1. Of the residues V276, V246, V237, only one is surrounded by 16 or more Cβ atoms within 10 Å (Cβ to Cβ) and more than 25 Å from V44 (Cβ to Cβ); which?
2. Could you count how many residues in region 135-150 are of a type in the set (D, E, K, R) and assigned to a loop (DSSP other than H, G, I, E, B)?
3. Taking the condition of being in contact (Cβ under 8 Å) with a residue 40 or more places away in the chain and assigned to a loop (DSSP other than H, G, I, E, B), how many residues in region 114-134 meet it?
4. Check region 76-88 and report whether any residue there is under 26 Å from Y287 (Cα atoms), of a type in the set (S, T, N, Q) and surrounded by 15 or more Cβ atoms within 10 Å (Cβ to Cβ).
5. State whether one or more residues within region 141-150 are farther than 29 Å from D211 by Cβ, at pLDDT below 95 and more than 21 Å from the chain's Cα centre (by Cα).
6. Does R97 satisfy the criteria of being more than 30 Å from L184 (Cβ to Cβ), modelled with pLDDT of 95 or more and surrounded by fewer than 15 Cβ atoms within 10 Å (Cβ to Cβ)?
7. Name the single residue, out of those in region 194-235 being of a type in the set (V, I, T) and at pLDDT 95 or above, that is nearest to A302 (Cα to Cα).
Amino acid sequence: MENRNSEIRLAPTRRLRNGAEIPIIGLGTFGSDKYTANQVAEAVYGAVKAGYRLIDCAAVYQNEKEIGEVIAKLIAEGVVTREELFITSKVWNDRHRDVEAACNESLRDLGLDYVDLYFIHWPFPNYHAPGCSGDARNPDSKPFSVDEYIDTYRQCEKLYKEGKIRAIGMSNMTVKKLEAVLPLCEIMPAALEMELHPAFQQPELFKYAKDRDIMPIGFCPLGSPSRPERDRTDEDVAAMQMPEIVEIAAAHGIHPAGVCLKWSAQIGAIPIPFSVKPEQYKANLAYVCEDPLTDEEMKKIAAADRNCRLIKGQVFLWEGADDWRAIWE
């Protein structure tokens, strides 16, 4: 990526299977539980001016229209060109049978002719209303179906062939689900969004994706301290409070958030931390561009995995499934 402003630091990039270059860190935009759409969009504006080029969006975040307005503003001001940005979006669960219309709505809201990467947000059409409680259940929810998932994926493949999306992504999958659907894909997915932080490293899923040239994109890379109340339980482990992370942060003279992001980038994932605070998103970008963790520090973090999933997805449970672990079978 060309850098027309020598004062702006751009993150290095990695190459996806379709040949596209994707920055090694992005800005997440899921903040609708605590921040307004305009606050998130203003963070996108500031982050791009600070050097971010990867913006991770989704229809269900309810802020794509506002983000689209600031993208247009950034391009009009000459801060970036469309080609220098890497924009993702996702089809929400209630649109699995109507992906083309959903994608067209996202493109219209974002003011774009294409998105660089389009994800199937969750692997089943189980709906929940934005902002619902953790006890909310939809009576129409049902278990994962290979046939229904592939029908949704085929619609994404059509959008890919039409040029509306440059790559297809999967999200919130398991090895078992991937084993079932990947042999049926005509166009292989380029990326997999997965919860990924030092307290939940998912080594089997991570390796499975990497071995198949599917780029892991890590959400909740800081342990999601701002996640909705519905996703909080007493046994959760806060990644930034893990003693191993605190110790390494002290050795580097940085915030524990920096250790989490360095770890994620150095294992070959792409973290997408969310923040609306300029000092935080600027620091996050700097963390992955300088002062890498040592091999010993990386080994210490690998050994510290707590296998603690924070985004449990219990609002998607179907009748007869009482435990959130059924989501991840």
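1. Only one candidate qualifies: V237.
2. Total satisfying the criteria: 4.
3. Our first condition is that a residue be in contact (Cβ under 8 Å) with a residue 40 or more places away in the chain; within region 114-134, this holds for 114-124, 126, 128, 130-134.
Checking which are assigned to a loop (DSSP other than H, G, I, E, B) leaves us with 114, 116, 121-124, 126, 128, 130-134.
Here the count works out to 13.
4. Checking region 76-88: at least one residue is under 26 Å from Y287 (Cα atoms), of a type in the set (S, T, N, Q) and surrounded by 15 or more Cβ atoms within 10 Å (Cβ to Cβ).
5. The answer is yes, given that some residue of region 141-150 is farther than 29 Å from D211 by Cβ, at pLDDT below 95 and more than 21 Å from the chain's Cα centre (by Cα).
6. Details: more than 30 Å from L184 (Cβ to Cβ): no; modelled with pLDDT of 95 or more: yes; surrounded by fewer than 15 Cβ atoms within 10 Å (Cβ to Cβ): yes.
In short, no.
7. I217
For every residue, the table says whether it meets (1) at pLDDT 95 or above; (2) under 17 Å from the mean Cα position of the chain (by Cα).
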position: P12; (1), (2): yes, no
position: G31; (1), (2): no, yes
position: T36; (1), (2): yes, no
position: Y45; (1), (2): yes, no
position: R53; (1), (2): yes, yes
position: T88; (1), (2): yes, yes
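The values are calculated or read from the model by the stated rules, or taken from the named source; none is laboratory data. Model, not experiment: these values are computed from the prediction. Using ideal geometry, Cβ is built from the backbone for each residue, glycine included, and neighbour counts are taken over all protein chains shown.
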